[in-house]
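Contents: one structure, followed by commentary.
The values are calculated or read from the model by the stated rules, or taken from the named source; none is laboratory data. Not measured: the values here are computed from a predicted model. Counting neighbours? That spans all protein chains shown, and the Cβs are built from the backbone with ideal geometry, glycine included.
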C-alpha cells in the first residue's frame, strides 16, 4: 500500500492509559486501559496495519494487555524512542514515512517528528500538541487511541475510493 500507514506506534502512560499510576498494597503498579482503544487496535490490525508499543516504563500489565490485543512489537524501558523506531522499522522492512504515532509528553516529540503522521492526545503537554499533525478530542486512556484508529481507517477508505 504505497503512501499508506503500515505501522502505528503507541506510547502507554498518558496515551493507552490516563497517565495516572496506581500502586497496590505490595507496591505493584496498576494501569487502567479503555476497552474502546482495544477495539480500535483490533480493527486496525484486521485492516493490515501493524501496531507497536514503545514506552519509557516497564510493566507486566502492558505486556499482558498487548498480548491480549495481538500487539507483537512491545518495546518497554526505552529511553530513546526515535532510535527504537528506527531499529523496529529496519527489522520490519519499513521506513518511518510509513508510520504514525501517538504521544502525550516531551519524550514522544522526537518520535513524532520522525514519522509521517503524528497524533497528540487532547490532554498532552502543550509542546506535544504543537508538534502533532492531529490532536485528538479525547484524552489519553479515554478513547483517544480509538479515535486515532478510526482516523487512520477513514484515511485508508478514502485512499481506496480514490484508486
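Tabulated values for the structure
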| item | result |
| --- | --- |
| Scan of segment 105-142 for residues that are within 12 Å of the chain's Cα centre (by Cα) and closer than 29 Å to residue 22 by Cβ, ordered by number | 108, 111, 112, 118, 119, 120, 121, 140, 141 |
| Filter pass, residue 125 being surrounded by 14 or more Cβ atoms within 10 Å (Cβ to Cβ) and farther than 21 Å from residue 39 by Cα | yes |
| Count of residues meeting criterion [touching a strand residue (DSSP E or B) at 6+ places or on another chain (Cβ under 9 Å), free of Cβ contacts under 8 Å to residues at least 60 places away in the same chain and not in a helix (DSSP H, G or I)] in segment 43-70 | 9 |
| Test: residue in segment 153-160 that is within 23 Å of residue 39 (Cβ to Cβ), modelled with pLDDT of 95 or more and in contact with a helix residue (DSSP H, G or I) (Cβ under 6 Å, 6 or more places away or on another chain) | no |
| Segment 135-149: number of residues that are surrounded by 15 or more Cβ atoms within 10 Å (Cβ to Cβ) and over 18 Å from residue 50 (Cβ atoms) | 10 |
| Test: residue in segment 35-42 that is in a strand (DSSP E or B) and either at pLDDT below 95 or touching a strand residue (DSSP E or B) at 6+ places or on another chain (Cβ under 8 Å) (or both) | no |
| Residue within segment 73-93 that is closer than 27 Å to residue 137 by Cα, at pLDDT below 95 and either surrounded by 15 or more Cβ atoms within 10 Å (Cβ to Cβ) or under 12 Å from the mean Cα position of the chain (by Cα) (or both) present | no |
